[in-house]
Amino acid sequence: MAVKKSKKEFYVICQNIRSLFNVGSIFRTADAFGADRIYLTGITGRPPRKEISKVALGAEGYIHWEYHRQPARLIKALKKNGVRIVALEQVKNKSIDMRKWKPKFPMALILGYEPKGLPKSLIKLCDDVVEISMFGEKESLNVGVAFGVAANHIAGATFNILAQHPH
């Protein structure tokens, strides 16, 4: 696993994401917001799969990705290479409201599966735990949607996409 350090690097770790449609959504969104690589871990489905392709619309063909069965080993290796690990998860008395959080790079955002989220053992390995404030009756978002909100925050806070790509 080679980790380059030339720019503000943004990686995504998908841990045990059961829905292949969500995996496809994450590929497509990762492309839209400039993620450098996706790490698929645990039982997360991997390309080529028609369900992933249907939603990713080809992004799975050019976003760099790797599969790692054991996420803890991957996280430890990334941290050893200077990558900050950030969990997107609601953890009582530990999560930071995403609106108050400032991303630091290089970083990897780890997403957990629905409905249980990330296990405590992985959260302990994270440098930050961020959550999206909820104002409705539901306490969570679909993982693909949550990633979109987080990726938008990360990109908006650091890359200034609109200035780089005016329409």
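Which whole-number value in Å² is the accessible area per residue of the chain, probe 1.4 Å?
56
Expressed as a whole percentage, what fraction of the accessible surface of the chain belongs to carbon and sulfur atoms when a 1.4 Å probe is rolled over the protein heavy atoms?
Exposed carbon and sulfur together represent 52 percent of the surface.
Nearest 0.05, what FRET efficiency do GLU66 and GLU137 give at R0 = 30 Å with Cβ-Cβ as r?
0.20
Would you mind checking which residues have amide H under 5 Å from ILE13's amide H? H placed 1.01 Å from N; only 5 or more apart, or other chain.
Answer set, sorted by chain and number: TYR39, LEU109, ILE110, LEU111.
Summing +1 for each Lys or Arg and -1 for each Asp or Glu, what net charge is found among the other residues whose Cβ lies under 10 Å from the Cβ of ILE123?
+2
Based on the Kirkwood radius over alpha-carbon pairs, what is the Stokes-Einstein translational diffusion coefficient of the range 45-167 at 4 °C with 1.567 mPa s viscosity, in µm²/s?
The diffusion coefficient I find is 81 µm²/s.
When the helix-only estimate is applied to the chain (DSSP H runs of n ≥ 4, each -39,500 (n - 2.57), divided by the residue count), what is the mean residue ellipticity at 222 nm, nearest 500 deg cm²/dmol?
-9000 deg cm²/dmol
Applying the Karplus parametrisation 6.51 cos²θ - 1.76 cosθ + 1.60 with θ = phi - 60° to the phi angles of the range 141-152, what ³J(HN,Hα) value in whole Hz is obtained for each residue in order, glycine and proline being reported as x?
With the stated coefficients, the range 141-152 comes to 10, 4, 4, x, 5, 4, 4, x, 5, 5, 4, 5 Hz.
Rg/Rh for the range 1-98: what does it come to with C-alpha atoms and Rh from Kirkwood?
0.97
Each residue of the range 115-125 in order: what ³J(HN,Hα) in whole Hz does its phi give by Karplus 6.51 cos²θ - 1.76 cosθ + 1.60, θ = phi - 60°, with x for Gly and Pro?
Taking θ as phi minus 60°, the curve returns x, 8, x, 8, x, 4, 4, 7, 4, 4, 7 Hz for the range 115-125.
Return the distance in nm (one decimal) between the two label points of a simple spin-label model at GLU51 and ARG99, each offset 7 Å from Cα along Cα→Cβ.
With each label point 7 Å from Cα toward Cβ, the separation is 3.5 nm.
The values are calculated or read from the model by the stated rules, or taken from the named source; none is laboratory data. Computed from a prediction, not measured in an experiment: that's the story for all the values here. Backbone-built Cβ (ideal geometry, glycine too); neighbour counts: all protein chains shown. Note: accessible area is taken over every heavy atom of the protein model, side chains too, but ligands, DNA and RNA are not part of it. Shrake-Rupley method; radii C 1.70, N 1.55, O 1.52, S 1.80 Å.
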